[in-house]
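Asker: A single structure is presented below for examination.
Here, each number is a calculation from the coordinates, and none is a lab measurement. Remember, it's a predicted structure, so these values are computed and weren't measured experimentally. Here the Cβ positions follow ideal geometry from the backbone for every residue, glycine too, while neighbour counts run over all protein chains shown.
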Amino acid sequence: MKIIAVGMNYATHNKEMRNSLELSEPTIFMKSDSSLLKDGKPFFIPDFSSEIHYETEIVVRIDRLGKNIAERFAHRYYKEITVGIDFTARDLQSGLRRQGLPWEISKAFDNSAVTGTFIPLEETGNINLIPFHLRINGIKVQEGNTADMLFPVDKIIAYVSRFFTLKIGDLIYTGTPAGVGPVQIGDHLEGYIGERKLLDFHIR
Ligand code: ZN
């Protein structure tokens, strides 16, 4: 199982991070299989970072083997989505980016890819019109809609499948909107698609 993630896929987030708004292709990185955290298990803040940020994202689960998938057929390769967190060690990432170095350790560390409960697309409606949000300690801190993606899900699938064979169970983190921020020990995170809570865990 592999975890593919898209960086800089919402213009509002790129603005807050002062990244380029003019991208001709998706920015892709990978998280490791040991980064997966699910079933509401707690996230423990690692000792190598003092700035762990949440990034709330729609996560798509691949359910069919594919390579070089055409965009118009991409919808046949997934049936379920959820909301997840792409935890990022922002302090490490900023340092590595400044030096032009790969930033895997800031993104692919253990338990950095949190997933909620997957639900079928029949229950969520159009993949390109999915509202989602995150609450921390009961307060809404981040919200987005897949309509605002720079590269929509089917385009992402077409693009990444040129490079990586997609397999059943692979996950795609589709990018985060504006509103990222730090987490602290004791925080309670709840992620929603629409008004439906699919993600619920604590920071320890
Ligand atoms: Zn992200």
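Asker: To the nearest 20 Debye, how big is the dipole of region 53-184 about its Cα centre, given +1 on the beta carbon of each Lys and Arg and -1 on that of each Asp and Glu? Write down the numbers at each step before the final one.
Answerer: On the way: 15 positive and 15 negative charges, 72 e Å.
It works out to roughly 340 debye.
Asker: Normalising by the residue count of the chain, find the relative contact order in percent from Cα pairs under 8 Å and 6+ residues apart. Working shown, then result.
Answerer: Working: 497 pairs, mean separation 70.4, N = 204.
Normalised by residue count, the contact order of the chain is 35 percent.
Asker: Below 8 Å between Cα atoms, with a sequence gap of 6+, how large is the relative contact order for region 25-140 in percent?
Answerer: Details: 163 pairs, mean separation 39.6, N = 116.
RCO, region 25-140: 34 percent.
Asker: Here is a follow-up. On a C-alpha basis, how far is the centre of region 107-135 from the centre of region 48-73 in Å? Whole number, if you could?
Answerer: Taking the Cα centre of region 48-73 as reference, the centre of region 107-135 is 9 Å away.
Asker: So what are region 57-204's ellipsoid semi-axes, whole angstrom, largest first, if each one is the square root of 5 times an eigenvalue of the alpha-carbon gyration tensor?
Answerer: Values: eigenvalues 126, 87, 35 Å².
Result for region 57-204: semi-axes of 25, 21, 13 Å.
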